[in-house]
1. If I take all pairs of Cα atoms in the chain, what percentage of them are more than 26 Å from each other?
2. Counting only protein heavy atoms and using a 1.4 Å probe, what share of the accessible area of the chain belongs to carbon plus sulfur, as a whole percent?
3. Which of 109, 31, 154 ends up with the largest GNM mean-square fluctuation for the chain, with Cα atoms connected below 10 Å?
4. Taking a 1.4 Å probe, which of 60, 147 shows the most accessible area, and what order do the others take after it?
5. In nm, what is the difference between 0.36 nm times the number of residues separating residue 83 and residue 28 and their Cα-Cα distance?
6. Multiply the residue gap between residue 75 and residue 16 by 0.36 nm, knock off their C-alpha separation, and tell me the result in nm, one decimal place.
7. Given a 1.4 Å probe, how much area per residue of the chain is accessible, in Å²?
8. Report, in listed order, any pair from 124/162; 45/150; 90/117; 64/162; 50/121 with a Cα-Cα distance greater than 19 Å.
Amino acid sequence: MANPIPQFKEFTLAQKFFCVLGTLVLIVGIGVGYYFLSEHIKYIKQEEDKKVLIESLSEVKKWKDFEVKIIGVSSCYFTTKWINGEMLYKFSVKTISDRVHISRYLSNGFFVEFMDKDGFKIYKFEIPLNSMSAVVDNQGMAVAYSVDNKISIGSDEYLKFKDWTLGWNF
């Protein structure tokens, strides 16, 4: 005996309307869910990229060295890194000889200027000579000066630093 094909009664207009409406709500719900999911994935990606960027800023950056014989500096070294809104820096200068005293040439110290990728000066800060520690030889003569300090600066600004130059105040 064959199974009879079930017979469905005709839907009313209201039932048809609610079927169509339910289908549309389902389609819109899937679309909205997909949109919010893709936005959330984008946000997570941006946060991961930001975390990687912040970690890279915390790596020590060694800047090019300078020689400024006119003021008695045979070499200067400058390193930086950025952590939690502060640029930590180490700066040191070595004198030409133990007979040359930087303090004889400089009364106010040095200043550092950072440039952007196009060579424009975008940031400047001073390093007073009295903030630097003298490194003396066994005869008590200053052969170098150094400082290890920090300044407040945003990561966006720090990222723009591509080169630096050294200046001094007589």
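The values are calculated or read from the model by the stated rules, or taken from the named source; none is laboratory data. These numbers come from a predicted model, not from an experiment. Glycine gets a Cβ as well: all are built from the backbone with ideal geometry, and neighbour counts include every protein chain shown. We work out accessible area using only protein heavy atoms, side chains counted, and drop any ligands, DNA or RNA first. Shrake-Rupley method; radii C 1.70, N 1.55, O 1.52, S 1.80 Å.
1. More than 26 Å apart: 55 percent of the Cα pairs in the chain.
2. Accessible surface attributable to carbon and sulfur in the chain totals 60 percent.
3. Greatest mean-square fluctuation among the candidates belongs to 31.
4. Order by accessible area, largest first: 60, 147.
5. Values: separation 55, 0.36 × 55 = 19.80 nm, distance 4.50 nm.
Residue separation times 0.36 nm, minus the Cα-Cα distance, leaves 15.3 nm.
6. 12.6 nm
7. 71 Å²
8. Pairs exceeding 19 Å: 45/150; 90/117; 50/121.
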